[in-house]
Amino acid sequence: MPRYEYRRFGYTTPPELSGGRPRDYKVAIVGAGPIGLALAIDLALKGVASVVLDDNDVVSIGSRAICWAKRTLEIFDRLGVGERMVEKGITWKVGRVYHRDRELYAFDLLPEAGHKMPAFINLQQYYVEQYLVDRARDFPELVDLRFKNNVIGIENSNSGATIKLETPDGTYNLAADYVVACDGARSPIRSMLGLEFRGQLFEERFLIADIEMQADFPADRRFWFEPTFHEGESALLHKQPDDIYRIDLQLGWDADPEEEKKPEKVIPRIKAIVGERPFEIDWVSVYTFQCSRLERFVHGRVIFAGDSAHVVSPFGARGGNGGIQDVDALGWRLAAVVKGEASEGIFERYNAERVHGADENIKNSARTTNFMTPKSDMEKMMRRAVLDLAAEMPFARRLINSGRLSVPCSLERFYNRHLSAAPLPPGRVAVDAPLEKNGEDTWLLSELDAGFTLVSFGGGAGPAIAGVRHMSVGADHGDLIDRRGFALDRYGTRLSYLFRPDQHICAVFRKPTEEYVRAVVDKELGR
Amino acid sequence: MGDFADDRLGTAGDDFYEALLEAHKGLSFEKSAALNARLVLILANRIGDLETLSAALTAARGSKE
């Protein structure tokens, strides 16, 4: 299997430096990683133009983020790259936890049928970025990709932000109504604005290596506490496409990061895991983790999304997946404000929802990291007790924490639950279901692909409201047919659900009158 | 012994484990052990049923170490 071939995207002199006419930029996105690119595509699908600025002109070097969760895949599917990702990625849903060489238990992250997207795929970040760039290029009029445009300054005001860019042809200024900082964990924009990034640093070092190797290891996520093949506290082995395996080894706080990166140190550690199979090292890094976030993600006309806003330790796959949920929450709001359909006040709700999401991710990944790095003899003893009991007592398995894997953030706290009969309350993200439309197979989430949508389960008419689509789902008649019963089972009958453009439920009605539905939509749009 | 094996904490398990470590934070090993001893007595009284407690002792003792 040939290794990934890095290709330069290339640099084009921006119109500002080639005598072109200056343009009116509504949205400037800083950073062409998965978050920035996904946002540009989401905006383009809603007819909103953006300029994407990146200091580099190549995809991520090294695989970095590899685990993409079901919700992320659903969002990517809405953006038009989900199927391509699943096709290339390694699909998995089972995690196995070992203590020394004994398997303690396995967990299944998606034990039920009737979902388009799998629980997880593993796919190197460079593929994800390449697919997103390819997709962004489907919108040449709406996505202006500018590589080797490095942000060196920013001025924020109440009516817009101006960024100063450095290119191979010199510097120029670019003014936009909104700037979205998707510029990563070490966000230069965060520093330029002098914003504090507060949190917890874990006193532990991890070796992360991607190796290329022919092996028949399973796709399952395998995690060892006190492995027999490594003197450290834990190890993780995970399969990626192209015969690449991700290995995470806990090294301890005293490990020397420069020494540990050297092949003469890395190779014996890997041999201890994979035996005498030949392998090649693709990428190696020694990490220290922190869980930190900005206090607020919205600062005037500068909005933060992804790692620039929050970082977590990687056990739980909550970094990249959390960032994509930021895009989901921001894209429709930003598009609505730029188009004049919503008031700027709705960015406060983006801030509140995603601060909540970041806190949930930080809480879970911090707990995992704490479980993996006992800080005292008593903590070690406590963890040992959990591991010892787990072999025979299922309750103790629940206490073992090798990662609480990314799940969609629930927004229930932002909504009132007024209809207790509804199986899914407002604030939850839509649960997928297989359906039929005009005799063709489809999925519920594929039908919730734009704008606000009112869906009447078990049939029923909906009010005609500008900007709100209506569809009915029935066992044998309606706009969408639920032949296999998954949708009616998941949503109930004689209930109408109003979905936000990001597929979150924002209201459930017995009788969706025009007045009620309009009131909910107006509130969501801040008008 | 099946009763002891069943998970009754659910997702609150992580909350409890975090609170447990928090309670021990900053204590010497001896003070931590004393905290555990008090905790056992408090929980035993809360369970308040000798038969259950005897079975729990057997279950805990039967496990490794």
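The values are calculated or read from the model by the stated rules, or taken from the named source; none is laboratory data. Source: prediction; values computed, not measured. Methodologically, a virtual Cβ is constructed for each residue, glycine included, from the backbone with ideal geometry; neighbour enumeration extends over all protein chains shown.
Residues that are surrounded by fewer than 17 Cβ atoms within 10 Å (Cβ to Cβ) and either free of Cβ contacts under 8 Å to residues at least 40 places away in the same chain or under 30 Å from the mean Cα position of the chain (by Cα) (or both) were ranked within the range A:460-473; the one that is nearest to A:Gly485 (Cα to Cα) is A:Ala461.
Checking B:Arg61, B:Arg38 one by one, the residue that is modelled with pLDDT under 95, more than 11 Å from chain A (Cβ to nearest Cβ) and loosely packed, with under 14 Cβ neighbours inside 10 Å is B:Arg61 and no other.
Within the range A:354-376, the set of residues being modelled with pLDDT of 95 or more and over 19 Å from A:Gln290 (Cβ atoms) comprises A:His356 only. Somewhere in the range A:137-157, is a residue assigned to a helix (DSSP H, G or I), within 30 Å of A:Pro434 (Cβ to Cβ) and in the same structural domain as A:Val30 (by TED's automatic domain parsing)? Checked the range A:137-157: no residue is assigned to a helix (DSSP H, G or I), within 30 Å of A:Pro434 (Cβ to Cβ) and in the same structural domain as A:Val30 (by TED's automatic domain parsing). The lone criterion from (1) farther than 26 Å from A:Ser376 by Cα; (2) at the interface with chain A (Cβ under 9 Å from one of its Cβ atoms) left unmet by B:Ala55 is number (2).
Of the residues screened, A:Leu132 is not one that is touching a Cys at 6+ places or on another chain (Cβ under 9 Å) and either closer than 25 Å to A:Gly20 by Cβ or at pLDDT 95 or above (or both).
Which members of the range A:358-373 meet the condition of being under 26 Å from A:Val327 (Cβ atoms) and within 13 Å of another protein chain (Cβ to nearest Cβ)?
A:Glu360, A:Ile362, A:Lys363, A:Asn364, A:Ser365, A:Ala366, A:Arg367, A:Thr368, A:Thr369 - these are the residues of the range A:358-373 that are under 26 Å from A:Val327 (Cβ atoms) and within 13 Å of another protein chain (Cβ to nearest Cβ).
Of the residues that sit in the range A:348-379 and are among the hydroxyl-bearing types (Ser, Thr, Tyr) and within 22 Å of B:Tyr17 (Cα to Cα), which one is surrounded by the fewest Cβ atoms within 10 Å (Cβ to Cβ)? Lay out the reasoning, then the answer.
First pass over the range A:348-379, keeping only residues among the hydroxyl-bearing types (Ser, Thr, Tyr): A:350, A:365, A:368-369, A:373, A:376.
If we keep only those that are within 22 Å of B:Tyr17 (Cα to Cα) as well, we get A:365, A:368-369, A:373, A:376.
Working: A:Ser365: 27, A:Thr368: 22, A:Thr369: 23, A:Thr373: 20, A:Ser376: 16.
Per the stated criteria, the residue is A:Ser376.
Say whether the condition of being outside the structural domain of A:Trp332 (by TED's automatic domain parsing), in contact (Cβ under 8 Å) with a residue 40 or more places away in the chain, part of a loop (DSSP other than H, G, I, E, B) and in contact with a strand residue (DSSP E or B) (Cβ under 6 Å, 6 or more places away or on another chain) is met by at least one residue in the range A:431-445. Within the range A:431-445, one or more residues are outside the structural domain of A:Trp332 (by TED's automatic domain parsing), in contact (Cβ under 8 Å) with a residue 40 or more places away in the chain, part of a loop (DSSP other than H, G, I, E, B) and in contact with a strand residue (DSSP E or B) (Cβ under 6 Å, 6 or more places away or on another chain). Filter the range B:1-24 down to the residues that are of a type in the set (Gly, Ala, Ser) and more than 8 Å from every other protein chain (Cβ to nearest Cβ), then identify the one that is nearest to A:Met378 (Cα to Cα). For the range B:1-24, the residue satisfying everything is B:Ala23.
In this structure, does B:Leu27 turn out to be within 23 Å of A:Lys380 (Cα to Cα), in contact with an Asp or Glu (Cβ under 9 Å, 6 or more places away or on another chain), among the aliphatic types (A, V, I, L, M) and facing another protein chain (nearest Cβ under 8 Å)? Answer is no for this residue. Do you know which residues across the range A:390-413 are without any contact (Cβ under 8 Å) to a residue 40 or more places away in the chain, crowded, with 22+ Cβ neighbours inside 10 Å and aliphatic (A, V, I, L, M)? A:Ala396, A:Leu399 - these are the residues of the range A:390-413 that are without any contact (Cβ under 8 Å) to a residue 40 or more places away in the chain, crowded, with 22+ Cβ neighbours inside 10 Å and aliphatic (A, V, I, L, M). Take A:Arg483 and tell me if it is in contact (Cβ under 8 Å) with a residue 12 or more places away in the chain and part of a strand (DSSP E or B). Criteria not met by A:Arg483. Tallying residues that are surrounded by 18 or more Cβ atoms within 10 Å (Cβ to Cβ), touching a strand residue (DSSP E or B) at 6+ places or on another chain (Cβ under 7 Å) and in a loop (DSSP other than H, G, I, E, B) within the range A:172-196 yields 5. Scanning the range A:1-43 for residues that are acidic (Asp, Glu) and loosely packed, with under 14 Cβ neighbours inside 10 Å gives A:Glu5, A:Asp24.
When restricted to residues that are free of Cβ contacts under 8 Å to residues at least 60 places away in the same chain, closer than 20 Å to A:Cys67 by Cα and over 14 Å from the mean Cα position of the chain (by Cα), the range A:119-148 contains 1.
Considering A:Gly62, A:Gly80, the condition of being assigned by TED's automatic domain parsing to the domain that holds A:Ala28 and modelled with pLDDT under 95 is satisfied by A:Gly62 alone. So which residues in the range A:134-164 are under 18 Å from A:Arg84 (Cβ atoms) and surrounded by fewer than 20 Cβ atoms within 10 Å (Cβ to Cβ), if there are any at all? Residues satisfying the conditions are A:Asp134, A:Arg137, A:Asp138, A:Phe139.
Among all residues of the range A:1-10, there is none that is touching a strand residue (DSSP E or B) at 6+ places or on another chain (Cβ under 9 Å) and assigned by TED's automatic domain parsing to the domain that holds A:Ala342. Annotation note: of A:Ser410, A:Ser402, A:Ser376, the sole residue that is small (Gly, Ala, Ser) and facing chain B (nearest Cβ under 10 Å) is A:Ser376.
Each residue in the range A:468-480 was checked for being under 21 Å from A:Lys116 (Cβ atoms) and either aliphatic (A, V, I, L, M) or outside any loop (DSSP other than H, G, I, E, B) (or both), and 7 of them qualify. Here A:Ala336 fulfils each of the conditions (1) surrounded by 21 or more Cβ atoms within 10 Å (Cβ to Cβ); (2) within 14 Å of another protein chain (Cβ to nearest Cβ); (3) not basic (Lys, Arg) apart from (2).
Considering the range A:298-336, the residues that are part of a loop (DSSP other than H, G, I, E, B) and under 16 Å from A:Arg71 (Cα atoms) include one that is modelled with the lowest pLDDT, namely A:Gly316.
Within the range A:238-249, does at least one residue satisfy the condition of being in contact with a helix residue (DSSP H, G or I) (Cβ under 7 Å, 6 or more places away or on another chain), among the aliphatic types (A, V, I, L, M) and at pLDDT 95 or above? Within the range A:238-249 (the criterion being in contact with a helix residue (DSSP H, G or I) (Cβ under 7 Å, 6 or more places away or on another chain), among the aliphatic types (A, V, I, L, M) and at pLDDT 95 or above), the answer is yes, since at least one residue qualifies.
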